[in-house]
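The values are calculated or read from the model by the stated rules, or taken from the named source; none is laboratory data. Predicted model, so just to flag it, every value in this text is computed and none were measured. Here Cβ is always computed from backbone atoms with ideal geometry, including for glycine, and neighbour counts include all displayed protein chains.
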Amino acid sequence: MSQTINSQEVQRTVEALKNAEALVICTGAGMGIDSGLPDFRGDKGFWHAYPMYENLGVNFYDAANPIHFARDPEFGWGFYGHRTNLYRATTPHDGYSLLKEWSEHLKLETFVVTSNVDGQFQKAGYDPQQILEVHGSIHHLQCLRPCSREIWPNNEEIPVDLVTMRAQHLPSCRRCQQLARPNILMFGDSSWLS
């Protein structure tokens, strides 16, 4: 299916940008696909990205549940450790730099609002102070309990066994030394520090 570019719509967009005082970029899961990041649309999308979970009978909702950190921390960190490693290794696609170039060329103050937790806007050179990650960031940790409202950078190396999807290292809270978790909003989450 091909799409026709409507030149009138393009011209209206150009005029709107020329007259804008700021640029607010709002993104979600689709933004990372061109960088090679998976989408998790339905079980098939999740299992396409993580076939090992299909073999284990685990869907995205089950894998992305904070209860695993308390019940089976190696399993909980297996999924999030793998995602942490994947996001660290991913290079943002050209769309990130194109949006940045537009804002710089038009001299617009730019703000990013994203539901993504992957940190790709920071990697693409956007000002972290002008990025709102509404679901948190996998690149930050918090205490699982939590013992405080502190969050800190996730500098942990988290090797994961790709057959069992179990982490071989568990990050700990830098305050109480108990288990840490990613500072992201998960399904059924009541302890995320926003």
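Filtered by the rule that a residue be loosely packed, with under 10 Cβ neighbours inside 10 Å and either modelled with pLDDT under 85 or not in a helix (DSSP H, G or I) (or both), region 7-30 gives a lone residue, E21. Evaluating G188 against the criteria (1) more than 19 Å from the chain's Cα centre (by Cα); (2) at pLDDT below 95; (3) not aromatic (F, W, Y) leaves one unmet condition, (1). Among strands (runs of 3 or more DSSP E) entirely within region 89-191, having at least 3 residues that are without any contact (Cβ under 8 Å) to a residue 40 or more places away in the chain and not hydroxyl-bearing (S, T, Y) singles out 131-133.
Taking region 136-183 as the search range and keeping residues that are among the polar types (S, T, N, Q) and crowded, with 20+ Cβ neighbours inside 10 Å, which one is farthest from I67 (Cα to Cα)? It comes out as N154. Taking the stated definitions as given, is Y80 touching a Pro at 6+ places or on another chain (Cβ under 7 Å) and under 20 Å from E156 (Cα atoms)? Spelling it out, Y80 is indeed touching a Pro at 6+ places or on another chain (Cβ under 7 Å) and under 20 Å from E156 (Cα atoms).
Pull up region 92-110, narrow it to residues that are farther than 12 Å from D34 by Cβ and charged (D, E, K, R), then point me to the one that is farthest from the chain's Cα centre (by Cα). Checking each candidate, the answer is K107.
Given the criteria touching a Lys or Arg at 6+ places or on another chain (Cβ under 8 Å), of a type in the set (F, W, Y) and closer than 24 Å to R181 by Cα, does F69 qualify? Criteria met by F69. Filter region 111-135 for residues that are of a type outside the set (S, T, Y) and either modelled with pLDDT under 95 or buried (at least 20 other Cβ atoms within 10 Å of the Cβ) (or both) and give the result. Scanning region 111-135 gives V112, N116, V117, D118, G119, Q120, F121, E133. Among the residues making up region 31-84, those that are assigned to a helix (DSSP H, G or I), among the acidic types (D, E) and more than 18 Å from the chain's Cα centre (by Cα) are D43, E54, E74. The residues in region 16-30 that are over 18 Å from the mean Cα position of the chain (by Cα) and among the β-branched types (V, I, T) can be counted, and the count is 1.
Report yes if some residue within region 76-84 is loosely packed, with under 12 Cβ neighbours inside 10 Å, at pLDDT 95 or above and not β-branched (V, I, T); otherwise report no. Working first, answer last.
Applying the first criterion (loosely packed, with under 12 Cβ neighbours inside 10 Å) to region 76-84 yields none.
No, there is no match, as no residue in region 76-84 is loosely packed, with under 12 Cβ neighbours inside 10 Å, at pLDDT 95 or above and not β-branched (V, I, T).
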